Amino acid sequence: MRLPLLIAKTYVLSFRQKAFISFINILSFLGLIIGVASLICVTSIFNGFRELVRDMLLTIDPHIRITLSDTSNKNLITDLQRYQEINSVEKSASTKIIVGYNDKTQAGILLTRNLHSKDDSFTNKVSIGIGLADKLDVRKGDTIRISTPDMIDIAITGMMLPQYHECIIDSIFQISSGVQYDNSYIICDYAFHQELNISGNQYLDIRVHNIDDVTTVKETLQSYPSLKTSTIETWKELHQELYATMEFERNMSFIILGIITFVSAFNILIAMWMTVKAKRKDIATLLSMGIDRQSIQITFLLQGLIIGVSGTCIGVVLGIILCLGQQYNGWIQLPNSIVKAMPVSLQWEVVFMSAIFGIAVSLLAGVYPAKLAMNTNISDELRIE
């Protein structure tokens, strides 16, 4: 094993071979570094944006939402809080509404949260999405009118003016990638919703200690007898299309950038094939001196592996440095955005996958040249010599 490794290192590091072969070796080496580093950086950027969107949506959405079909079980919240994985359980509700201000009206959704207001006089304060606020041309402190479709139906049937409830805008929110919230949602206190006696969907919003445990907790809740007829959704399922699209984009970017690594592997294959052609007399001489053909094959496999491992390691280190630098120093700024710098989330499983991928394609690139070298005809090459 020592002799094949020594010969492989000599072929990789020797600059006495043809300049064109050395140039291709350098190109394949640099291409592999760039390919592996790009895989790590771009995937980390997609993960960063994904986590940013998730954290923003989870300021409103729970980790798990249970749509109740039966609200008569008053002990349900107490029972659910006994699970160690569950951090909190709160009641919430949503209702379709008509929002009015001066002569403007818009359709919207009234979503409740437990805001824990201590002063009942402030329970009619609401938070409105920036898109809906622009449509109504309202600002903080303005008083808006809220009516439900049932209230309007009663007014039409009874030939009377529609009833409405007044709310004061306490704040205006904006959520990146949460356009449906910005354009449609008004958030109020759950106690205020109950005071108005507005019907709508009733929920139990659950937050867990570890967000990675939501699937396990959901499966546990589905076996709970009182929730057999209830709909249970995780934070991913509440926005399934959005998260599926982001996951698809991340996976496709990994595949597309992987092509760069394949191109580098193709350059390695060409360089090694040319090396075999240039060194066939040396190979024949080694074979005539008693070196077995398997050792020759291992020599060129090791040559591809040396290029692959060294290029991959440098690419991994470069990718980690760039990701951590962006993560902690914010080198790339995003002006006119809700975040100051491009979000990056470095995940070590991505680093591991990129490293394995880079080494694997480099090793595969050496298979054909190694087989070609192993099948060298000793008599033909020495006769030519």
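The values are calculated or read from the model by the stated rules, or taken from the named source; none is laboratory data. No experiment lies behind these values; they were computed from the predicted model shown. Please note: Cβ atoms are built from the backbone with ideal geometry, for glycine as well, and neighbour counts cover all protein chains shown.
Residue check: is Leu115 surrounded by 13 or more Cβ atoms within 10 Å (Cβ to Cβ), in contact with a strand residue (DSSP E or B) (Cβ under 6 Å, 6 or more places away or on another chain) and modelled with pLDDT of 90 or more?
It is false that Leu115 is surrounded by 13 or more Cβ atoms within 10 Å (Cβ to Cβ), in contact with a strand residue (DSSP E or B) (Cβ under 6 Å, 6 or more places away or on another chain) and modelled with pLDDT of 90 or more.
Name the residues in the stretch 302-350 that are small (Gly, Ala, Ser), closer than 30 Å to Ile26 by Cβ and in contact with a Ser or Thr (Cβ under 9 Å, 6 or more places away or on another chain), would you? Talk me through it step by step, then tell me what you get.
Of the stretch 302-350, the ones small (Gly, Ala, Ser) are 304, 308, 310-311, 315, 319, 325, 330, 337, 341, 345.
Then drop every residue that is not closer than 30 Å to Ile26 by Cβ, which leaves 304, 308, 310-311, 315, 319, 325.
If the condition is that a residue be small (Gly, Ala, Ser), closer than 30 Å to Ile26 by Cβ and in contact with a Ser or Thr (Cβ under 9 Å, 6 or more places away or on another chain), then Gly304, Gly308, Gly311, Gly315, Gly319 are the ones that fit.
Spot the failing condition for Lys140; the list is (1) exposed (fewer than 15 other Cβ atoms within 10 Å of the Cβ); (2) modelled with pLDDT under 85, and only one is missed.
So Lys140 meets the others, but not (2).
Applying the selection to the stretch 69-107, what residues are touching a residue at least 60 places away in the same chain (Cβ under 8 Å) and either of a type in the set (A, V, I, L, M) or outside the structural domain of Ile169 (by TED's automatic domain parsing) (or both)?
Listed by number, the residues that qualify are Leu76, Ile77, Leu80, Ile86, Val89, Ala93, Ile97, Val99, Ala107.
So Thr229 passes all but one of these: (1) surrounded by 17 or more Cβ atoms within 10 Å (Cβ to Cβ); (2) more than 23 Å from the chain's Cα centre (by Cα). Which condition number does it fail?
Every condition holds for Thr229 apart from (1).
The rows are residues; the columns are (1) of a type outside the set (D, E, K, R); (2) within 18 Å of Gly358 (Cβ to Cβ); (3) modelled with pLDDT under 85.
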site: Thr275; (1), (2), (3): yes, no, yes
site: Arg280; (1), (2), (3): no, no, yes
site: Ser288; (1), (2), (3): yes, no, yes
site: Val316; (1), (2), (3): yes, yes, no
site: Ile321; (1), (2), (3): yes, yes, no
site: Asn336; (1), (2), (3): yes, no, yes
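Considering only the stretch 321-341, I want to know if a residue exists there that is in contact with a helix residue (DSSP H, G or I) (Cβ under 7 Å, 6 or more places away or on another chain) and in a helix (DSSP H, G or I).
yes
So Ser14 passes all but one of these: (1) modelled with pLDDT of 90 or more; (2) of a type in the set (Ser, Thr, Tyr); (3) more than 30 Å from Leu221 (Cα to Cα). Which condition number does it fail?
(1)
Quick one: which residue in Ile268, Ile283 is under 22 Å from Val361 (Cβ atoms) and not in a loop (DSSP other than H, G, I, E, B)?
Numbers: Ile283 fails: under 22 Å from Val361 (Cβ atoms).
From the options Ile268, Ile283, the qualifying one is Ile268.
Against the condition polar (S, T, N, Q), surrounded by 15 or more Cβ atoms within 10 Å (Cβ to Cβ) and under 22 Å from Arg2 (Cα atoms), how does Gln303 come out, does it pass?
On the way: polar (S, T, N, Q): yes; surrounded by 15 or more Cβ atoms within 10 Å (Cβ to Cβ): yes; under 22 Å from Arg2 (Cα atoms): yes.
Criteria met by Gln303.
What helices (runs of 4 or more DSSP H) completely inside the stretch 134-239 contain at least 1 residues that are over 15 Å from Asp61 (Cα atoms) and without any contact (Cβ under 8 Å) to a residue 60 or more places away in the chain?
Values: elements: 149-157, 179-184, 190-196, 214-222, 235-238.
In the stretch 134-239, the matching helices (runs of 4 or more DSSP H) lie at 149-157, 179-184, 190-196, 214-222.
Could you give every pair whose Cβ atoms fall below 7 Å, whose first residue belongs to the stretch 351-362 and is without any contact (Cβ under 8 Å) to a residue 60 or more places away in the chain, and whose second residue is surrounded by fewer than 19 Cβ atoms within 10 Å (Cβ to Cβ) and part of a helix (DSSP H, G or I), counting only separations of at least 6 or pairs across chains?
Qualifying pairs under 7 Å: Ile359/Val309.
Report yes if Thr234 is hydroxyl-bearing (Ser, Thr, Tyr) and surrounded by fewer than 18 Cβ atoms within 10 Å (Cβ to Cβ), otherwise no. So that I can check it myself, show each step before the final result.
Values: hydroxyl-bearing (Ser, Thr, Tyr): yes; surrounded by fewer than 18 Cβ atoms within 10 Å (Cβ to Cβ): no.
For Thr234, the condition - hydroxyl-bearing (Ser, Thr, Tyr) and surrounded by fewer than 18 Cβ atoms within 10 Å (Cβ to Cβ) - is not met.
For the stretch 23-41, does any single residue satisfy the condition of being modelled with pLDDT of 80 or more and in a loop (DSSP other than H, G, I, E, B)?
Step one: filter the stretch 23-41 for residues modelled with pLDDT of 80 or more, giving 26-41.
Checking which are in a loop (DSSP other than H, G, I, E, B) leaves us with none.
No, the stretch 23-41 has no match at all.
Kindly establish whether Leu305 is in contact (Cβ under 8 Å) with a residue 12 or more places away in the chain and in contact with a Pro (Cβ under 9 Å, 6 or more places away or on another chain). Please lay out each step first, then the result.
Working: in contact (Cβ under 8 Å) with a residue 12 or more places away in the chain: yes; in contact with a Pro (Cβ under 9 Å, 6 or more places away or on another chain): no.
No: the conditions fail for Leu305.
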